[in-house]
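Asker: Sharing a structure here in structure tokens format.
The values are calculated or read from the model by the stated rules, or taken from the named source; none is laboratory data. Because the structure is predicted, anything quoted here is derived from the model rather than measured. Reconstructed Cβ throughout: ideal geometry from the backbone, glycine too, with neighbour counts over all protein chains shown. Surface areas here come from the heavy atoms of the whole protein model, side chains and all, with no ligands, DNA or RNA. Shrake-Rupley method; radii C 1.70, N 1.55, O 1.52, S 1.80 Å.
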Amino acid sequence: MSIEQTGRSRRRDLTVRIGILVWLTVVWVALWGDLSTANVLGGLAVAALIMVALPLPRVPVSGRLNPFPLPELIVASAYYALESSLQVAWFAIRPAPTPVSGVLRVYSATRSDLVLALWTDLLNLIPGTMVLEIDRRRCVVYVHVLDVGSDAAVDNFFRITRRLERLLIETFERPTGWPYSRPPSPPEVTS
């Protein structure tokens, strides 16, 4: 490792540590519900104590942030969460039987653990879906979906997952990074 890479690595570590310190302080102040000098100083002290007593393991993050697809990612995520919330609310009040739910297998096209974690987090934030299992070795994610009663509903779910994954890859992975593991396979309902 060259001196320049070592310097960049140290600056990145320092930036991450400062970010964690600030974030923990913001959480502390939010929990107390009062923005005051005492709460901010107390939050900094507690955050520093947490960082020393309970250090997070170093996670190798390779990639970069591409800011151009980020606004589309944010808007798409918010839109899908809102659309799904309205759909779940409609299922709750409509005078019809409950929808058919099931577990769908989704193949991931990413090699980045960061993108995979963000993708599964986004899927969990969408009401009516829950990631049940991640098979990292085979790049498979099993997701419980509230409505799999029609081919259109299943196709819509896969369209949403592919779009979110594509936006995450465009935002966070290197363009010359990992090759895609395999082409997306056809949707499969497992129950």
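Asker: One residue is enough: does segment 69-88 have a residue meeting the conditions in contact with a Gly (Cβ under 6 Å, 6 or more places away or on another chain) and at pLDDT 85 or above?
Answerer: Checked against the condition, which is being in contact with a Gly (Cβ under 6 Å, 6 or more places away or on another chain) and at pLDDT 85 or above, segment 69-88 yields at least one hit.
Asker: Please verify whether segment 64-83 includes one or more residues that are over 22 Å from ILE169 (Cα atoms) and open to solvent by 60 Å² or more (accessible area, probe 1.4 Å).
Answerer: Narrowing segment 64-83 to residues over 22 Å from ILE169 (Cα atoms): 82-83.
Keeping just the survivors that are open to solvent by 60 Å² or more (accessible area, probe 1.4 Å) gives 82-83.
The answer is yes; a qualifying residue exists.
Asker: Collect the residues in segment 121-134 that are open to solvent by 30 Å² or more (accessible area, probe 1.4 Å), at pLDDT 90 or above and not in a helix (DSSP H, G or I), keeping them in residue-number order.
Answerer: Residues satisfying the conditions are MET130, LEU132, GLU133, ILE134.
Asker: Quick one: which helices (runs of 4 or more DSSP H) lie wholly within segment 1-102 and hold at least 2 residues that are closer than 29 Å to ARG166 by Cα and within 20 Å of the chain's Cα centre (by Cα)?
Answerer: On the way: elements: 3-32, 37-53, 70-93.
Where helices (runs of 4 or more DSSP H) fall fully within segment 1-102 and carry at least 2 residues being closer than 29 Å to ARG166 by Cα and within 20 Å of the chain's Cα centre (by Cα), they are 3-32, 70-93.
Asker: Looking at THR37, THR98, can you tell me which residue is β-branched (Val, Ile, Thr) and at pLDDT below 90?
Answerer: Details: THR37 fails: at pLDDT below 90.
Going through THR37, THR98 in turn, just one is β-branched (Val, Ile, Thr) and at pLDDT below 90: THR98.
Asker: Additional query: Output the residue which, of all residues in segment 150-167 that are loosely packed, with under 15 Cβ neighbours inside 10 Å and of a type in the set (Gly, Ala, Ser), is farthest from THR98 (Cα to Cα).
Answerer: Step by step, filter segment 150-167, then rank; the result is ALA152.
Asker: Note down all Cβ pairs under 8 Å where the first residue falls in segment 146-165 and is in contact (Cβ under 8 Å) with a residue 60 or more places away in the chain, the second is open to solvent by 50 Å² or more (accessible area, probe 1.4 Å) and assigned to a helix (DSSP H, G or I), and they're at least six residues apart or on different chains.
Answerer: ASP147/GLN87
Asker: I'm trying to understand the selection: among the residues of segment 1-20, which are at pLDDT 70 or above and either more than 16 Å from ALA47 (Cβ to Cβ) or acidic (Asp, Glu) (or both)? Steps first, please.
Answerer: Taking segment 1-20 as the starting set, the residues that turn out to be at pLDDT 70 or above are 6-20.
Those that are at pLDDT 70 or above and either more than 16 Å from ALA47 (Cβ to Cβ) or acidic (Asp, Glu) (or both): THR6, GLY7, ARG8, SER9, ARG10, ARG11, ARG12, ASP13.
Asker: Could you run through segment 135-149 and say how many residues are open to solvent by less than 40 Å² (accessible area, probe 1.4 Å) and under 19 Å from VAL88 (Cβ atoms)?
Answerer: 4
Asker: Name the residues in segment 98-113 that are open to solvent by 50 Å² or more (accessible area, probe 1.4 Å) and either of a type in the set (A, V, I, L, M, F, W, C) or farther than 18 Å from VAL154 by Cβ (or both), would you?
Answerer: Passing the criteria: VAL100, ARG111, ASP113.
Asker: Can I ask one more? Tell me which of these LEU70 doesn't satisfy, since it passes every other one: (1) in contact with a strand residue (DSSP E or B) (Cβ under 7 Å, 6 or more places away or on another chain); (2) farther than 18 Å from VAL154 by Cα; (3) not β-branched (Val, Ile, Thr).
Answerer: (1)
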